[in-house]
1. Could you tell me the accessible area of Asp645 in Å² (1.4 Å probe, neighbours in place), rounded to the nearest ten?
2. Sort Ile267, Ile160 by accessible area with a 1.4 Å probe, largest first.
3. So with the 1.4 Å probe, I'd like the accessible area per residue for segment 30-136, rounded to whole Å².
4. For the pairs Lys50/Lys158; Lys75/Lys158; Lys111/Lys146; Lys50/Lys75; Lys75/Lys256, note any where the Cα-Cα span goes beyond 20 Å.
5. Order Arg412, Arg457 by their accessible area, 1.4 angstrom probe, all chains in place, largest first.
6. Kindly write out, for segment 580-590 in residue order, the coupling ³J(HN,Hα) from the Karplus curve 6.51 cos²θ - 1.76 cosθ + 1.60 (θ = phi - 60°), rounded to whole Hz, with x marking Gly and Pro.
7. Kindly report, to the nearest 10 Å², the accessible surface of Asp718 as traced by a 1.4 Å probe over protein heavy atoms only.
8. How large is the accessible surface per residue of segment 550-600, computed with a 1.4 Å probe and reported in Å² as a whole number?
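The values are calculated or read from the model by the stated rules, or taken from the named source; none is laboratory data. Everything numeric in this text was worked out from a predicted model, so none of it was measured. We place every Cβ from the backbone using ideal geometry, glycine too, and count neighbours over all the protein chains shown. Accessible surface is based on the protein model in full, side chains and every heavy atom, while ligands, DNA and RNA are left aside. Shrake-Rupley method; radii C 1.70, N 1.55, O 1.52, S 1.80 Å.
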Amino acid sequence: MPPLRGTGADREAEGPEYAGDYRLQACLGAGGMGVVHLASSASGLRLAVKVVHARYAEDPEFRARFRQEVAAARKVSGAFTAPVVDADPDAVRPWMATLYVPGPTLADQVKRNGPLSPAELRRLTAGLAEALRDIHRAGVVHRDLKPSNVLLTDTGPKVIDFGISRPVDSDLRTETGKLIGSPPFMAPEQFQRPREVGPAADVFALGSVLVHAATGHGPFDSDSPYVVAYQVVHDEPDLTGVPGELAPLVARCLAKEPAERPTPAQIMRALQPPSYAAEAFIPAQRRRPALPGGGGGGDEPGHAPAWDADTPVRAPAPVPARRGRRFGGWLRPRPTLAVAGALVLAGAGLYAALGPARDGGPAAAPPRPDKVATAFEGWHTGLQRQGPPAAPACAGGGDALYCAVRGVAVARLDPVTGQVLWSRTAPVEGEAPRAPALLGKGAGGPVGAAAPTGPLRAYATGDGSPLWSARSGLPEVHRPAGSAVVLTDGVGGVRAVDARGGKELWRHGLTGFGAPRTGPYDARSGLLVVSEISADGTHTRVGVVEPRTGAVVRGRNLEGDLEPLGYTGGGSLVLASRYEGALTDSLVLLGPGEEGAGPVRRLVLPQRFDLRGAVVRGAVVYLLGADGHVTAFDTAAGKGRVLWDLETAAGNVSEPVAGPGDRLYFSVQDGRLLAVDTARGALAGQTRPRLANGRLGYVPLVPAPLVAGDRVFGTAPDGSVFAVDARDPASW
């Protein structure tokens, strides 16, 4: 390892040339405990490397605190933090490398440009609340949330500097009598009972940060830290200048008693329904740090009516549809059936086998074409006409694309031109409709659509005419399964209807299950995976069901909180194992075997994932975290091994989908579509953001893109659907 070296006595002279294998290129900033440098990894990934001052490197307590910072930062790396790439707290000069996040701090932004607008403040509130929720879920209390520790980026705020954070159940790593924190943003208990500080202290700090962002000063202001401390403990906060709609919520955050403050989750709920009036903060262009030797320093960005079930909006001539054995899985593998790959949309997603799209035919007045590639020109269609802008959710097969969004229950689009062929209306209020579903085997089956609280309705694909409705007393999750559709209400009700005619096939409980959830369906086997977690979260019952009869073919109890993901090429069922019901820490493989008695393997992952979704291809599982972190994990090699890791720093992403040419695709909340080259473990391309008038609010769920042949269809929060060439992501 190249040595850390420097000469002279001043702070700049003591600066090292390397931290581990990373050459330090420029100084980004300095604090009392260390200096943050710009660096690059061997692959070109830009990093922010924090190196401890030499005078503190000899302090055993400081080293212990730095180890704690590294451990905390690793635990909470997510959509709202800068992910840790590497660290060495035991080096001669301890250091930690995180992903470089372009963007000013909140403190700098307010100092240069004044207080945030109400819309910007609302978005900041939602982002920081979600960040604290994830930090606290990881069992960490930050304890030093302040404007200088919040970075503003085009994907939302990022919380940095976990230098004095600690696990909730640990002892303080501080010397007796020392107060640790920044007084204007500390909670009363940090002054009075520092050893009892818990997550509620971060919520108090959030309230102070929001007042600063709204007014330019804190709720307790004085030049003396002692006066500030007295005000924090005894006085009421000054909320003058805080927007009226947020002032009550901020006041609750600043309650003197920790128990009276809202949790981050309660803050997020208080901001619902999601508001797209909350403008995205796009950092102004900033100068790239000058590199040693005169390196370039160019500018770079910081980075409706009620549901009318019988009246189609438009119904032109129908577009002809292209027509397109039993798979034992972990029950009975068949060597003649090679598994090329499974497209797994976890949770309430849809398994859709997509045929190639047609290449010919005239493009009839394509709306607002975006020229994104030479082989396929692409298109961009605004689908939503009413209600707050939202990203549509789509499904497709053959020559048709079906999408749903607020105000539109389902619309059929021409995948070549983007032209809307017909559309059915839906309520504008409430949650957006779920993605449409292709029902039935082969061509000519209906398309299904459902509002979150409404029944599943089936429409003819040719002209959108209504066919049938699967009405029920409770909202249901529908899972297309061959010629049937299995519906579950989450409280024990399970039934199935015929996909083409809507006739109920059966309605009864599943043997061995109370309130099961449906998982992946495999078209080759005709079997649907179901699972149910025990009340105490320690075990999961997994089985497979015949969709047309409701018969449980096999069932087995497994240890842990598990979610089925899909099958490997060897016939093993892959399940994600969650740690304490939150982060995924391992994979469980249930091997093939009669009566569900196959071998069980548990493979520990190198880090815990806030898992957004996974794709299983052969023996490799591609895991996508909510922060855009992608890991390729080979399940066939002994105890499992990581093939590659990729930090995209996307933040709030969709589930991933697989495509031809060793590609993985997923969407981001700002409307970008990203392509990952799974052969190299590198980003292959991404589209530009597509915001609603440059604005973006809290997005609870980002719809997944869709791959059909040589095209990828993405959706964006401006209410649009767009298509790009899957063969050339670099041109996006």
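1. 80 Å²
2. From most accessible down to least: Ile160, Ile267.
3. 36 Å²
4. From Lys50/Lys158; Lys75/Lys158; Lys111/Lys146; Lys50/Lys75; Lys75/Lys256, over 20 Å: Lys75/Lys256.
5. Highest to lowest solvent-accessible surface, that is Arg457, Arg412.
6. Once rounded to whole Hz, the list reads 6, x, 10, 8, 7, 10, 7, 10, 10, 10, 9.
7. 50 Å²
8. 34 Å²
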